[in-house]
Amino acid sequence: MVLSGEGIFPLSGKMEILRDPGGQLKFEQIRALPSRSGGGPAFAPLRGGFSPGFSTDVFWLKFELARDPGAGRAWWLVATPPFIDDVRLYAPDGAGGFRESRAGDHVPVRERETAHRNTIFKLQLSEAPQTFFLRVESSTAVTLALSVASPERYGELASFENMFFGLFFGMLVIAVMISLLSSVWLRQRFFLVATAYLLAYGGLHFALNGFDQLFIYPDQPALADHVVGVLVCLATGFYLLFFLTYLDPQRRFPRLARAVSWGAWGSFWGAIASALGFYPAIAPLVAKAQLGEIVLVLGMSLGMRRLDPHRTALYLLMFGPGTAAVFLQILRNVGVLPATFLTTHLWEVTVIFQIPFTAVAVLMRARETHQAHLAAKSRALAAARRLEQELEQEVAARTAELARTNETLVQWGKELGEAKARAEELLAAEQARQRAQRRFIRTIAHELRTPLSVIEMAFTNIQTRTDPGHPELKPRYLRISRALTRLNSLVDNALAEDRLAESGIALQKEWIRPSALVRQVEQQLLLTERHRLDLRLPADDRPIYADPRWLTLAVLNLMDNAVKYSPEGGPVTLALAREGHEFRLRVEDRGIGIASELLPELFEKFFRAPEAVALSRSGGLGLGLYLVRQIIDLHGGEIMVESVPGQGSAFTIKIPGEAPARQREAAETQPDPVPAS
Ligand code: ADP
């Protein structure tokens, strides 16, 4: 190629190529090789640019350069991109030999011919054509766009490029700030993903264009491959995550979205593998996966346009051109497309538009989130206000209810106080009445005692005198005698109750035989002609320890009731029994009986059943059974009643027959105790 004037002249289409798979050939051998030889390695013309794809082979390029007589001698050979590992130029030294110059990202910046991010070799051209050799070796994608430029023109291009990158990274920093602030402010995963995506992409472009090596680690060329590998994988992973969080495609394509998410995580694992130095091994796989993912993502985003037209449109605008450019670049890397301006620089041009779009997308999302936030807040506020009002109403209603209840309670309290006062008055009046009644009964009973004894004595006198000569008087005497007995029993009961109420009864217990008790009762009991006494004494007449006077009164009361409440007559049974230490006495009649609902009050003081009151000539005070129970209780026993109205009643008394041990011993020295009358 003959170079004239000033300019930048691409070498594509003007080179010959030779592939050395093992990298065995030395320059001396290469130099001696003819073009298009019959057998063995030989240079062959290279159509178009140099882009053989992923390969670790060594490639030799050969080209001829000459200059116009009017052109300057100094020219530059520029090779991009800068990530090729090792590039060596063999240029004629003017003395028939060749001089070797090294460049590439495996060569420390200091050792390169020019400290520039791109590979640049300085050339001295003569008017006569000279042959140059370029040896290229790399561990991943092999692709080089080669051109010869006059230093002035390249200087202009380089300053334009620098401005371009300045703009690019400036915008990137602004976009990162926007999304980072949004992520801090709105705390949503989307903004974090957007920030990470922008950082990874910025970093990747920084490294792919050789700035990393130039500015960050000029003396550690080994890092370059690792850094590019890690950033390629991270950028891919975050690109996929950004797509997932921005368009939310799982709404429409759940399975494909899952596949994309696996792709993202696969990329992150790839980043770890690259950091550990495995990038050369996984690079072809990464490139193929990227191609598949790009197709998938574009297809899915087209499919989302109905569901979410605005977002999808923005997304396609933002990523469509960039994705297409990346697609071209990957095709170049894998060797499908040659290294041309389109396949080398289009991506960067599209990315410069993509970044402000990303910032816009972030801002729009931030606005949406903020608005949703505000709407939710105002909804919550309205709900809270409603709740507050309801609560206030409820509180007011409850307070009113409480006030009403309080009033009622106060009213009740007043009424209760009045009722209590009334009840107390009534109670006091009743107690006074009872006291007066008892006093009256006691007085009457006491007063009756003397005239009764006088009458009894007079009656016995008259009866003794007139009895033998006047048998016709016998029934009358019997009636008088019964009336006297009834009167005596009334008086006895009244006086006994009075004593019980006033001072209580102090029992005077002694040993009495059951037969003696029965004799006492028989003597005092008056039966009518209609009644018959059925006596059942036990064979076991062991004495019992009891108060004979009070126990006799109790049994007499029961017997008296049996006679009184069987007005039609019939047998009155008095049965005694010993069961172990227990003494039992049962009084049974065939009289009017007692209604079962009256049984609970039967032993209450002054209780009288209506049937009993209705019976003529069966007067009573309702004290008998009350006294019986008191007496039996004092003896530590119990009383039971069974009754069927119209058929009769049976009262059973149980008292312990044994005395405490000491008294029993004393009793054994008294063989035949006699009950006191
Ligand atoms: P009263 O002086 O009326 O006989 P009691 O205390 O001895 O008083 O008896 C109370 C009431 O129990 C009687 O008025 C009667 O209604 C009822 N009563 C007592 N014993 C009998 C009985 N054997 N048969 C029917 N009713 C009886």
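Quick note: the coordinates plus some simple rules give every number you see, no bench work behind them. All values derive from a computational prediction rather than experimental measurement. Cβ: placed from backbone, ideal geometry, glycine included. Neighbour counts: every protein chain shown.
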_Given an 8 Å cut-off on Cα distances and at least 6 residues of separation, report the relative contact order of the chain as a percent._
9 percent
_Loop-resident sites, segment 152-202, for trypsin sites (Lys or Arg not before Pro), counting at most 16 other Cβ within 10 Å (DSSP)_ = Arg187
*Output the pairs from Lys62/Lys288; Lys26/Lys122; Lys14/Lys62; Lys14/Lys288 with a Cα-Cα distance over 19 Å in this structure; if there are none, say none.*
Lys62/Lys288; Lys26/Lys122; Lys14/Lys288
_Calculated [θ] (222 nm, deg cm²/dmol) that DSSP helices of n ≥ 4 give over the chain, each run adding -39,500 (n - 2.57)_ = -19500 deg cm²/dmol
*On a 0 to 90° scale, report how tilted helix 254-275 is relative to the longest principal axis of the chain, with both axes built from alpha carbons and the result rounded to the nearest 10.*
60 degrees
*Kindly identify segment 23-137 as rounded, prolate or oblate by the Cα gyration tensor criterion: order the square roots of the eigenvalues as a ≥ b ≥ c, call it rounded if a/c is under 1.5, otherwise compare a/b with b/c, prolate if a/b is larger, else oblate.*
oblate
*How many angstrom lie between the C-alpha centres of segment 624-661 and segment 412-489?*
24 Å
*Return the whole-Å distance between the Cα centroid of segment 282-315 and the Cα centroid of segment 325-380.*
12 Å
*Please identify every one of the chymotrypsin sites (Phe, Trp or Tyr not before Pro) in segment 554-626 that sits in a loop by DSSP and has no more than 13 other beta carbons within 10 Å of its own beta carbon.*
Phe606
_Per-residue counts of other Cβ atoms within 10 Å, averaged by peptide: what ranking do you get for 362-374, 71-83, 528-540, highest first?_
71-83, 362-374, 528-540
*So who's got an amide H within less than 5 Å of the one on Phe43, skipping anything under 5 residues away but keeping other chains? H placed 1.01 Å off N, in plane.*
Arg36, Ser37
_Neighbour counts of other C-beta atoms within 10 Å: give me Ser481, Ser138 arranged from fewest to most._
Ser481, Ser138
_Only bridges whose two residues both fall in segment 1-134 count here: according to DSSP, what percent of them are antiparallel, nearest 5?_
90 percent
*Tell me the label-point distance for the pair Gln393, Lys122, using the 7 Å Cα-to-Cβ offset, in nm and rounded to one decimal.*
9.2 nm
*Tell me, how many Å apart are the Cα centres for segment 147-184 and for segment 222-260?*
24 Å
*Relative frequency of Cα-Cα separations exceeding 39 Å in the chain, percent*: 63 percent
*Fully extended, how many nm does the chain gain between Asn488 and Ser515 (0.36 nm per residue separation, minus their Cα-Cα distance)?*
7.4 nm
*Which of Tyr197, Tyr315 has the fewest Cβ neighbours within 10 Å, and the rest in rising order*: Tyr315, Tyr197
*Return the percentage of antiparallel bridges among DSSP beta bridges fully within the chain, rounded to the nearest 5 %.*
90 percent
*Would you mind computing, in nm to one decimal, how far apart the modelled labels at Ala66 and Leu527 are, each placed 7 Å from Cα along Cα→Cβ?*
17.5 nm
*Which of the GluC sites (Glu not before Pro) found in segment 93-130 are in a DSSP loop and have at most 13 neighbouring Cβ atoms, other than their own, within 10 Å?*
Glu127
*Treating the angle as unsigned and between 0 and 90°, give the value, to the nearest 10°, between the Cα long axis of helix 341-466 and the longest Cα principal axis of the chain.*
10 degrees
_Rounded tilt (10° steps) of 189-208 against the dominant C-alpha axis of the chain_ = 20 degrees
*Segments 430-442, 50-62, 500-512 sorted - mean Cβ within 10 Å per residue, highest first*: 50-62, 500-512, 430-442
_Using Cβ counts within 10 Å as a stand-in for footprinting exposure, how do Met177, Met163 rank, fewest first?_
Met163, Met177
